[in-house]
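S.K.: This is the structure I want to talk about, given as structure tokens.
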Amino acid sequence: LAIDNKKRLWVGTYGQGLCRYNDETDDFTRYDYLKLPNKIITSIIPKGDLLWISTNKGLAVYNPDTEYLKTYSKSNGLYNEQFTPCSGFESSDGRLFLGSTDGFCYFFPQDLRENTYNPPVVLTNMTIFGKDIQADTSHSPIRQSIGYTDEIVLKYNQSMIGFDFAALSYIAPKENDYQYMLEGLDSEWQFTKGSNNHLSYANLPVGEYVLRIKGTNSDKLWSSNEVQLKIKVLPPFFRSQLAYLIYALVLLIAIMLTVWYYVKRTEKHQKERIKRLNDEKEKELYNSKIDFFTNIAHEIRTPLSLIIGPLEYLMKTSSINNVYGEYLSIIEQNYKRLYALVTQLLDFRKVDTGSYKLSYDCYRIKEIICKVSCIFELSARQKKVAIDTSSIPEELSIVIDEEAFTKIISNLLSNALKYAKSTIRITTIEKDSEIVVTVTDDGIGITDQEKTKIFDAFYQVKNN
């Protein structure tokens, strides 16, 4: 009997293994699934979370919480595996004493180390039809020791083979376990104990296989250093049909070339036709858009021209201007923007037909930018957005087409004003013989993927 550190009562039986008493249900739980050295338990010594269990055929340590179990025998250093009943105890200095038929053995549990060695597995021998195969002999499929061979090629009449193998762990080698699999034939790993380190396969079909073997050390730690051997079984000559294969290969190549040529020619014609149709469709769609916008622009321009006259009259009438002056200014600014947009549509057609001519002159760049900014000033104030041009040098001059430059800045400001949260900043940088003008806002921005398309005609970023 023994009580562990969690107040659980453990009972060692004579032939029934380990049991635990359940005081709540007044019954016992049997642990007969544990692979103890023997079912005859002679003593149980609790130490920390572990139970040290002696039997009449070896020693075991067990953790009930994690189900960890390790056994010790003569191969681990025990000089006597047969322990006597009720002869185990823990001394004041932490040593465990166990009585055996040949006296006491004692040890400090912390001195026992886990075997963490990761043993490589090697092939030690090969057989064909039960006969050992020597390297580099007549009819031998290996040219060097099987332990240094990565691949073997077998004739169709050498299909009954066997191998001996070993894990290079010399601490209790009989405790080593193995698993092997012939990929291409086996669907799962085959298990074997260390005392039986031989495998064999009979009547292997023609094909290619990979023999994989892995093993454990004496503490059942599976090694990652498995051995692999490629095995190829050749067909008999009468099944090769070499001549027929050549004929079939030539015929197959001829058919493939014919099909390939036909497919390529058809694909080429199809691509050319699709490209031609797409080009015509895109050109037709493009021209229809341009014609539509141009016609609309012509239709809008005349009514716009008729609006400015009455508007200027109202602005000159002091009695009206004093009351509605600010609103009239808003109307005038939006009229100018609308008129500029209509003009841009008409100019777009001129650019497309090549009849638009640029007129270059020298201008102070800040003066033009401020003039354009004034058009958007009222809209910006309504949205509580500030347009900052303070960093542009007063005397900075540039040779440009004023109308074209104005349109560019106007478009950039119009777009920035749609998405800006609080600030639009216009800056200039002199670089060699060029001036870089930057319009920046604190809005949502444009993704890198969309930036490559912003100069495509009629393209608009898909964003709410």
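S.K.: Once the Cα gyration tensor of the range 150-237 is found, what semi-axes does its equivalent ellipsoid get, as square roots of 5 times the eigenvalues, in whole Å, sorted largest first?
M.R.: After scaling each eigenvalue by five and taking roots: 28, 11, 11 Å.
S.K.: Could you tell me which residue out of 168, 257, 359 lies farthest along the dipole of the chain toward its positive end? Charges go on the beta carbon: Lys and Arg +1, Asp and Glu -1, centred on the Cα centre.
M.R.: 257
S.K.: Tell me which of 54, 346, 248 sits at the most positive position along the dipole axis of the chain, charges placed on C-beta atoms (Lys, Arg +1; Asp, Glu -1).
M.R.: 248
S.K.: Computed FRET efficiency, Cβ-Cβ of residue 329 and residue 432, R0 30 Å: what is it to the nearest 0.05?
M.R.: 0.15
S.K.: Hey, which of these cross-link pairs are over 24 Å Cα-Cα: 289/421; 289/383; 35/74?
M.R.: Details: 289/421 33 Å; 289/383 32 Å; 35/74 17 Å.
Pairs exceeding 24 Å: 289/421; 289/383.
S.K.: What Rg and what Dmax come out for the chain when only alpha-carbon atoms are used, in angstroms?
M.R.: 46.5, 129
S.K.: Just tell me the longest site-free run in the chain, where the sites are GluC sites (Glu not before Pro) in a DSSP loop having at most 14 other beta-carbon atoms within 10 Å.
M.R.: Answer from the scan: 189-393.
S.K.: Note down the nm distance, to one decimal, between modelled labels 7 Å out along Cα→Cβ at residue 300 and at residue 346.
M.R.: For the pair residue 300/residue 346, the computed spacing is 1.3 nm.
S.K.: Separate question: Once the Cα atoms of helix 402-419 and of the chain are each reduced to a long axis, what angle between those two axes, in degrees from 0 to 90 to the nearest 10, is obtained?
M.R.: 50 degrees
S.K.: When only C-alpha pairs under 8 Å and at least 6 residues apart count, what is the relative contact order of the range 335-464, in percent?
M.R.: Here the relative contact order equals 21 percent.
S.K.: Something else about it: Would you work out the relative contact order for the chain, in percent, from Cα pairs under 8 angstrom that are 6 or more residues apart?
M.R.: Averaging sequence separation for qualifying contacts and normalising by length gives 7 percent for the chain.
S.K.: For a quick size check, give me the Cα extents of the range 394-464 along its three principal axes, largest first, whole Å.
M.R.: Per principal axis, max minus min of the Cα coordinates gives 40, 29, 23 Å.
S.K.: Related question: I'd like the orientation of helix 318-353 relative to the chain: the angle between its Cα long axis and the longest Cα principal axis, in ° from 0 to 90, rounded to 10.
M.R.: For 318-353 against the chain, the angle is about 70 degrees.
S.K.: Ok, one more. Can you quote the Å³ per residue value for the convex hull of the Cα atoms in the range 192-305, rounded to an integer?
M.R.: On the way: hull volume 29.1 nm³, N = 114.
It is 255 Å³ per residue.
S.K.: Starting from the Cα of residue 362, step 7 Å along the direction of its Cβ; do the same at residue 265; then give the gap between the two resulting points in nm.
M.R.: It is 6.8 nm.
S.K.: With everything on Cα atoms, drop me the angle between helix 242-316 and the longest principal axis of the chain, reported from 0 to 90° to the nearest 10.
M.R.: Here the helix axis deviates by roughly 40 degrees.
S.K.: Next up: Karplus couplings for the range 6-22 from phi (6.51 cos²θ - 1.76 cosθ + 1.60, θ = phi - 60°), rounded to Hz, Gly and Pro as x?
M.R.: Whole-Hz 3J(HN,Hα) from phi for the range 6-22: 10, 6, 8, 9, 10, 10, x, 10, 9, x, 10, x, 9, 9, 10, 8, 9.
S.K.: As a test of the formula, what do you get for the chain when each DSSP H run with n ≥ 4 contributes -39,500 (n - 2.57) and the sum is divided by the residue count, at 222 nm and rounded to the nearest 500 deg cm²/dmol?
M.R.: Calculated at 222 nm, the ellipticity per residue is -11500 deg cm²/dmol.
Here, each number is a calculation from the coordinates, and none is a lab measurement. Since this is a predicted model, take the numbers as computed values, not measurements. Positions of Cβ are backbone-derived with ideal geometry, glycine not excepted, and every protein chain shown enters the neighbour counts.
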